[in-house]
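Comments concern the structure below.
The numbers here are math on the coordinates, done by the rules we state, and not lab data. What you see is a predicted model, and the numbers here were worked out from it, not measured in a lab. Neighbour counts are summed over all protein chains in view; Cβ atoms, including those assigned to glycine, are modelled from backbone coordinates with ideal geometry.
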Amino acid sequence: MVQKVTEVVGTSTEGFAKAADNAVRTAAKTVRNLKWFRVTELEGAIHDQKVTEFHATVKIYFDLEG
């Protein structure tokens, strides 16, 4: 078995877990055989002294076909 890794950034206004979930769900629309993920970075946006958006950089591992 051979796996490939892709890196994506998910965003959410609800939290880091939701941002990571959004990244995986969006990748799953175009990539098959997703196996696992690793969050590599967490960031956020601040507006008017408040956290307004959460960003999760996610490495997604999937099996190559063939």
Given the options Leu34, Ala56, Ala20, identify the residue whose Cα lies farthest towards the positive end of the charge dipole of region 3-63 (+1 on Cβ of Lys, Arg; -1 on Cβ of Asp, Glu). Leu34
Just how many pairs of Lys in region 3-63 have C-alpha atoms closer than 17 Å, counting pairs that are eight or more places apart or on different chains? 7
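Residues with beta-carbon under 12 Å from that of Asn22, excluding Asn22: net charge, scoring Lys, Arg +1 and Asp, Glu -1?
Summing Lys and Arg as +1 and Asp and Glu as -1 gives 0.
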Alpha carbons only, please: Rg and Dmax for the chain, in angstrom. 13.5, 51
By the mean-Cβ-within-10 Å protection proxy, highest first, 9-18, 35-44, 52-61 rank as 52-61, 9-18, 35-44
Count charges around Ala56 for me, please; just the other residues with Cβ under 13 Å from its Cβ, Lys/Arg as +1, Asp/Glu as -1. -2
Computed over the chain: longest principal axis from alpha-carbon atoms vs helix 16-28 long axis, angle to nearest 10 degrees, is 40 degrees
